[in-house]
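The block underneath contains the structure these notes are about, expressed in structure tokens.
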Amino acid sequence: MRVLVIEDEPRMSQLLRRGLSEEGHTVDTCDSAARAAESVRYADYDVIVLDWGLPDADGISLLRTWRADGLATPVLMLTARGSSGEKVLALRTGADDFLVKPFDFEEFLARLEALHRRASAGATGTSALGDLQFQRARRQLIGPSGRVDLTSREFQLMCAFAERPGDIRTRSELLSEVWGAHFDGEANVVDVYVGYLRLKLESAGARRVSIATVRGSGYRLVVSAEPGR
Ligand code: CA
């Protein structure tokens, strides 16, 4: 697993880093909400460990922003307090699990692995689309020219198209499915990412699969019997 640990207490952070590395996981650590936001923007993690109390912001506010942005990475929240109200708030905000300090490392590890298993189980299965295979577990497109990796957003967008090939998907539908209902950025982000995904289809060498623009409506994944439609 590739794990991001967001924790400002150096001892705790080191302990988790060492323990996870010994188990063969790749670990990045950061000690503030600002750094965490940056790390998540530029890297794809399998799981995130998020401390509630950070020096520059609440972990819970950070989590709220991520979920509103459509980030689907499983999050395990850590807290020193652990009242039931706090736990409910964390889970309602989009935490996938919750652990009160101090905790046993073995339990921490077991919960983290369970989160990862659940998340990957939801994103498995391979779809055959024309001369292309969409392999969800690996987040890859496999076409005549080879394998192409998708970024997290490209992957989510591809999932949305592959769910209903041939159907028109409106921009607002795609926006809310991939970026979240509360996304308040530029709506043309959909067009930008459709552009990226088209390039990935091209890199994979797909000749029977394309994303067509439906003027005034949105997009449609087209799978045709003949190359190049
Ligand atoms: Ca803390």
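What residue, of Ser145, Ser152, is at pLDDT 95 or above and not aromatic (Phe, Trp, Tyr)? Reasoning before the result, please.
Working: Ser152 fails: at pLDDT 95 or above.
Sole residue among the options that is at pLDDT 95 or above and not aromatic (Phe, Trp, Tyr): Ser145.
Here is a list: Leu76, Leu62, Leu99, Leu50. Which entry is in a strand (DSSP E or B), within 16 Å of the ligand (Cβ to nearest atom), in contact with a helix residue (DSSP H, G or I) (Cβ under 7 Å, 6 or more places away or on another chain) and over 17 Å from Arg2 (Cβ atoms)?
On the way: Leu76 fails: over 17 Å from Arg2 (Cβ atoms); Leu62 fails: in a strand (DSSP E or B); Leu50 fails: over 17 Å from Arg2 (Cβ atoms).
Exactly one of Leu76, Leu62, Leu99, Leu50 is in a strand (DSSP E or B), within 16 Å of the ligand (Cβ to nearest atom), in contact with a helix residue (DSSP H, G or I) (Cβ under 7 Å, 6 or more places away or on another chain) and over 17 Å from Arg2 (Cβ atoms), namely Leu99.
Restricting to region 1-57, give me the number of residues that are under 17 Å from the mean Cα position of the chain (by Cα) and of a type in the set (Lys, Arg).
2
Do we find that Ser13 is within 16 Å of the ligand (Cβ to nearest atom), buried (at least 19 other Cβ atoms within 10 Å of the Cβ) and not assigned by TED's automatic domain parsing to the domain that holds Val190 in this structure?
Numbers: within 16 Å of the ligand (Cβ to nearest atom): yes; buried (at least 19 other Cβ atoms within 10 Å of the Cβ): yes; not assigned by TED's automatic domain parsing to the domain that holds Val190: yes.
For Ser13, the condition - within 16 Å of the ligand (Cβ to nearest atom), buried (at least 19 other Cβ atoms within 10 Å of the Cβ) and not assigned by TED's automatic domain parsing to the domain that holds Val190 - is met.
Whether any residue in region 44-52 is hydroxyl-bearing (Ser, Thr, Tyr) and crowded, with 20+ Cβ neighbours inside 10 Å is what I want to check.
Let us first name the residues in region 44-52 that are hydroxyl-bearing (Ser, Thr, Tyr), namely 45.
Filter again for crowded, with 20+ Cβ neighbours inside 10 Å, leaving 45.
Yes, region 44-52 contains a residue that is hydroxyl-bearing (Ser, Thr, Tyr) and crowded, with 20+ Cβ neighbours inside 10 Å.
For region 134-141, state whether one or more residues are free of Cβ contacts under 8 Å to residues at least 12 places away in the same chain and part of a helix (DSSP H, G or I).
Scanning region 134-141 turns up no residue that is free of Cβ contacts under 8 Å to residues at least 12 places away in the same chain and part of a helix (DSSP H, G or I).
Can you find a residue that is part of a strand (DSSP E or B), modelled with pLDDT of 85 or more and under 20 Å from Pro144 (Cβ atoms) anywhere in region 166-179?
Looking for residues that are part of a strand (DSSP E or B), modelled with pLDDT of 85 or more and under 20 Å from Pro144 (Cβ atoms), one finds none in region 166-179, hence no.
Of the numbered conditions (1) outside any strand (DSSP E or B); (2) over 30 Å from Gly216 (Cα atoms), Arg67 fails exactly one; give the number of that condition.
Among (1) outside any strand (DSSP E or B); (2) over 30 Å from Gly216 (Cα atoms), Arg67 violates only (2).
Need the failing condition index for Ser13 against (1) in contact (Cβ under 8 Å) with a residue 24 or more places away in the chain; (2) touching an Asp or Glu at 6+ places or on another chain (Cβ under 9 Å), just the number.
If we test Ser13 against (1) in contact (Cβ under 8 Å) with a residue 24 or more places away in the chain; (2) touching an Asp or Glu at 6+ places or on another chain (Cβ under 9 Å), just (1) comes out false.
The values are calculated or read from the model by the stated rules, or taken from the named source; none is laboratory data. Computed from a predicted model, the values in this text were never measured in an experiment. Every residue, glycine among them, receives a Cβ derived from its backbone with ideal geometry; neighbour counts consider all protein chains shown.
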